[in-house]
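Visitor: Pasting in a structure now, in structure tokens, and then I'll have a few things to ask.
The values are calculated or read from the model by the stated rules, or taken from the named source; none is laboratory data. Note that the coordinates shown come from a computational prediction; the quantities given were computed from them, not determined experimentally. Backbone-built Cβ (ideal geometry, glycine too); neighbour counts: all protein chains shown.
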Amino acid sequence: MSRIAKRISEPVHFGLVLAGISPSLQSDSAAAWVKIQIVSRAQMKASIAIYPGSFDPVTNGHLDLIERGEKMFDILIVAVLQNVGKKPLFSVAERVEMLREVTKQWSGVEVDVFDGLLVDYARRRGAGVILRGIRAVSDYEYELQMALMNRKLEPRLETVFMLPGLTYSYLSSKLVREIAQLGAPLNGLVPPIVEERLKAKVS
Ligand code: PNS
């Protein structure tokens, strides 16, 4: 069984807790009340991390971060946001397909799609960590806001920031899309399969 399948098949535990038993319960006459509270003990594990993003398309900078994250966490879920608001270059299915292809060498990496709140998705997946990359100071403010908002929404969820290799500090999907549309060379910026798809898309 793969590492991912093993983890996901772990049962989610629910505990029944008798939260309060009235003293009157100890007498025969009075109606007793027992408040039964179902406490979800579904855990958000620090060994499971989510690397969320648009990945339109995946770049070598994303891959660098995935490689670093894969070493750090038992399971790294690369989660593509299904954002109906944005007008992406690649469909979600195309982005997922490219991500699966370029991450297939790592058994601990899973590619998935999510919509709605990231914290809800993290709870569903039992993940305790959000992984995000910070390339430069300019990323910091936006990332800080998101991390603090996510913490407000779900205090059990930690955001971990990692730095991609310096070579990728200027790289973004947006710039890659732009230069691809203007016919500039893409070697070194994206994996070969993404380069092919980009060229086909903009030709
Ligand atoms: O690659 P991106 O576009 O910078 O990724 C942004 C992403 C997907 C991480 C962010 O938009 C997100 O988490 N969206 C899900 C909706 C949500 O939870 N919003 C509140 C975040 S504080």
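Visitor: Where residues in the range 145-163 are within 13 Å of the ligand (Cβ to nearest atom) and not aliphatic (A, V, I, L, M), which of them is nearest to ILE193 (Cα to Cα)?
Guide: My answer is PHE161.
Visitor: Return the pairs, sorted by first residue and then second, in which the second residue is surrounded by fewer than 20 Cβ atoms within 10 Å (Cβ to Cβ), the first residue lies in the range 183-202 and is over 22 Å from SER169 (Cβ atoms), the beta carbons are less than 6 Å apart, and the residues are 6+ apart or on different chains.
Guide: Taking only residues 6 or more apart or on different chains, the pairs are ILE193/GLU101; VAL202/GLN181.
Visitor: Next question. If we keep just the residues of the range 104-144 that are in a loop (DSSP other than H, G, I, E, B), surrounded by 16 or more Cβ atoms within 10 Å (Cβ to Cβ) and within 16 Å of the ligand (Cβ to nearest atom), which is farthest from the chain's Cα centre (by Cα)?
Guide: Looking at residues that are in a loop (DSSP other than H, G, I, E, B), surrounded by 16 or more Cβ atoms within 10 Å (Cβ to Cβ) and within 16 Å of the ligand (Cβ to nearest atom), I get ARG135.
Visitor: Still on this model: Would you tally the residues in the range 177-192 being under 17 Å from VAL102 (Cα atoms) and not in a loop (DSSP other than H, G, I, E, B)?
Guide: Qualifying residue count, the range 177-192: 3.
Visitor: Kindly indicate whether LEU65 is at pLDDT 95 or above, touching a His at 6+ places or on another chain (Cβ under 9 Å) and in a helix (DSSP H, G or I).
Guide: Against the criterion (at pLDDT 95 or above, touching a His at 6+ places or on another chain (Cβ under 9 Å) and in a helix (DSSP H, G or I)), LEU65 does not qualify.
Visitor: Tell me whether the range 94-101 contains one or more residues that are within 13 Å of the ligand (Cβ to nearest atom), touching a His at 6+ places or on another chain (Cβ under 9 Å) and in contact (Cβ under 8 Å) with a residue 12 or more places away in the chain.
Guide: Checked the range 94-101: at least one residue is within 13 Å of the ligand (Cβ to nearest atom), touching a His at 6+ places or on another chain (Cβ under 9 Å) and in contact (Cβ under 8 Å) with a residue 12 or more places away in the chain.
Visitor: Give me a count of the residues in the range 168-182 that are loosely packed, with under 13 Cβ neighbours inside 10 Å and without any contact (Cβ under 8 Å) to a residue 24 or more places away in the chain.
Guide: 4
Visitor: Can you confirm whether LEU89 is closer than 16 Å to ILE66 by Cβ and either within 14 Å of the ligand (Cβ to nearest atom) or not in a helix (DSSP H, G or I) (or both)?
Guide: It is false that LEU89 is closer than 16 Å to ILE66 by Cβ and either within 14 Å of the ligand (Cβ to nearest atom) or not in a helix (DSSP H, G or I) (or both).
Visitor: Also, quick follow-up: Does ILE193 satisfy the condition of being of a type in the set (A, V, I, L, M, F, W, C), touching an Asp or Glu at 6+ places or on another chain (Cβ under 6 Å) and closer than 21 Å to GLU94 by Cα?
Guide: So ILE193 passes the test.
Visitor: Residues in the range 80-96 that are buried (at least 23 other Cβ atoms within 10 Å of the Cβ) and either of a type in the set (Gly, Ala, Ser) or over 19 Å from PHE114 (Cβ atoms) (or both): how many?
Guide: 0
Visitor: Something else: Of the conditions (1) more than 9 Å from the ligand (Cβ to nearest atom); (2) at pLDDT 95 or above; (3) loosely packed, with under 14 Cβ neighbours inside 10 Å, ASN187 satisfies every one except a single condition; which number is it?
Guide: (2)
Visitor: I'm trying to understand the selection: among the residues of the range 164-176, which are of a type outside the set (A, V, I, L, M), within 14 Å of the ligand (Cβ to nearest atom) and not in a helix (DSSP H, G or I)?
Guide: PRO164, SER172
Visitor: Filtering the range 152-166 down to residues that are within 23 Å of ARG68 (Cα to Cα) and without any contact (Cβ under 8 Å) to a residue 60 or more places away in the chain, which residue is farthest from the chain's Cα centre (by Cα)?
Guide: Among those residues, the one meeting the criterion is LEU166.
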